[in-house]
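See below for the structure under consideration.
The values are calculated or read from the model by the stated rules, or taken from the named source; none is laboratory data. What you are looking at is a predicted structure, and each value in this text was computed from that prediction instead of being measured. Because the Cβ atoms are built from the backbone with ideal geometry, glycine has one as well, and the counts that use them run over all protein chains shown. Accessible surface areas use protein heavy atoms only, side chains included; no ligands, DNA or RNA. Shrake-Rupley method; radii C 1.70, N 1.55, O 1.52, S 1.80 Å.
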Amino acid sequence: MTVRHFLQFKDFSRAEFEYLFARARVIKDKFKAYETHQSLFDRTLVMIFEKASTRTRLSFEAGMQQLGGSAIYLNTRDSQLGRGEPVEDSAEVISRMSDLVMIRTFEQSIIERFAAHSRVPVINGLTNEYHPCQILADIFTFIERRGAIEGKTVAWVGDANNMCNTWLQAAETLDFMVHVSSPPGYGPNPELNKITDNPHVRLFADPMEACRGAHLVSTDVWTSMGYEAENEARMKAFADWRVDGEMMKIAAADAVFMHCLPAHRGEEVTPEVIDGPQSVVWDEAENRMHAQKALMEYLLLGRV
Ligand code: CP
Ligand code: NVA
């Protein structure tokens, strides 16, 4: 039997996402009602972190415990992963002692090499290119607040990073629009995103125009993990790509603001927006756990 992985958003079909959103709803409702839901009793998740994390670690670890299983944390600093053991060898060994693996790392190629040698499903917990678990939770959050995302418009203001790339994949799978506005030189990678002839994406030079009529406005840090050496140049280049009250005003009247967090108030977003009434950032963070519980259950048990 082939092992299913979740390495990019496009690894799953629309029907599978519809199942996952419905399942996350059931799992979240049970959690809120203090009802035990231990569908992954005795299963083991290994979490490998090559970059820092608060939400991803916590949501996977707490989620797995709530499902009746256990989670083991490995990082580069104090495992052989940081001392040059080949990714392929690590995958062979780690996947013989676990049921599921989550990895946060640098290049997407690392997680792909790991998955090719893994006996168990592998989940992308963020790479330089993608952050599919975050978009899974973000779309679940949008549905929870506003209903179906199909036909809606998402405005992405700022760096065309791992989050933006994943929004673009999701738009294709779930049939919505993404308006992207980035400073020159920081826009979507045309090869990665097949920008030309893509009916789900529109590029804007002016971030205000990208936000016009949008149902969801989102942004992210100017400098993602792994790009710290570019920080000074980025601070200058991104100065006009800050989501503010004016951008939220030009968006749809009931638009929501999302940010995967951690945020830098005063850089990519003003405090009035992230701490204002249209912001759903805390729901987004909480929903990581509920959505990923549905994802882990699906990867191990299929539809239940
Ligand atoms: N949003 C997100 O992935 O947060 P962490 O870096 O804290 O895991
Ligand atoms: N784009 C950010 C997201 C952090 C959760 C980064 O990669 O650092």
* Using a 1.4 Å probe on the protein chains only, how many percent of the accessible area of the chain belongs to carbon and sulfur? -> 52
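For region 19-162, state the semi-axes of the equivalent ellipsoid (square roots of 5 times the eigenvalues of the alpha-carbon gyration tensor), sorted largest first and rounded to whole angstrom. Mind dumping the intermediate values first?
Details: eigenvalues 153, 93, 30 Å².
Over the Cα atoms of region 19-162, the semi-axes work out to 28, 22, 12 Å.
Could you state the accessible area per residue of region 1-129 in Å², with a 1.4 Å probe and every protein chain left in place? Show your work: numbers first, answer last.
Values: 6360 Å² over 129 residues.
Value for region 1-129: 49 Å² per residue.
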* Largest first and to the nearest Å, give the Cα extent of region 183-304 along each principal axis. => 49, 37, 33
* Asked: Based on Cβ point charges of +1 for Lys and Arg and -1 for Asp and Glu, what charge dipole magnitude is obtained for the chain about its Cα centre, in debye rounded to the nearest 20?
  -> 760
* Under 19 Å from the Cα of residue 194 - lysines, other chains or at least 8 residues apart -> 10
* Mean shadow area of region 28-72, taken as a quarter of the surface of its Cα convex hull (nm²) -> 3.3
* **For region 60-87 versus region 104-168, the gap between their alpha-carbon centres in whole angstrom** => 20
* Directionally averaged shadow of region 44-93, computed from the convex hull of its alpha-carbon atoms, nm² -> 3.7
* Structure fact -> Per the helix-only model, the chain has a calculated mean residue ellipticity at 222 nm (DSSP H runs of ≥4, -39500 (n - 2.57) each, divided over all residues, rounded to the nearest 500) of -12000 deg cm²/dmol
* To do: Give, to the nearest whole percent, the P(r) tail of region 83-219 beyond 21 angstrom, counting all Cα pairs.
  => 48
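Quick check for you: with a 1.4 Å probe and neighbouring chains kept, what is the accessible area per residue of region 225-304, in Å²? List each step's numbers first, then the result.
Numbers: 3600 Å² over 80 residues.
Value returned for region 225-304: 45 Å² of accessible area per residue.
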* So what are the three principal axis dimensions of region 127-176 from its Cα atoms, in whole Å, longest to shortest? -> 30, 19, 18
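Once Rh for region 1-101 is found with the Kirkwood sum over Cα pairs, what is the Stokes-Einstein diffusion coefficient at 37 °C and 0.692 mPa s, in µm²/s? Intermediate values should be presented prior to the final figure.
On the way: Rh = 15.6 Å.
Answer from the Stokes-Einstein relation: 211 µm²/s.
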* Kindly provide the Kirkwood hydrodynamic radius of the chain in Å, to one decimal, from all pairs of distinct alpha carbon atoms. => 19.7
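Could I get the Rg over Rh figure for region 186-254? Both from C-alpha atoms, Rh via Kirkwood, rounded to two places.
Working: Rg = 13.9 Å, Rh = 13.9 Å.
A ratio of 1.00.
Show me the ranking of peptides 10-20, 217-227, 251-261 by mean Cβ neighbours inside 10 Å, starting with the highest.
Working: 10-20: 14.8, 217-227: 21.9, 251-261: 20.0.
The peptides rank, most packed first, as 217-227, 251-261, 10-20.
Rounded to a whole number of µm²/s, how large is the Stokes-Einstein D of region 223-294 at 25 °C and 0.890 mPa s, given Rh as the Kirkwood radius over C-alpha pairs? The partial results should precede the final answer.
Values: Rh = 13.7 Å.
Rounded to a whole number, D works out at 179 µm²/s.
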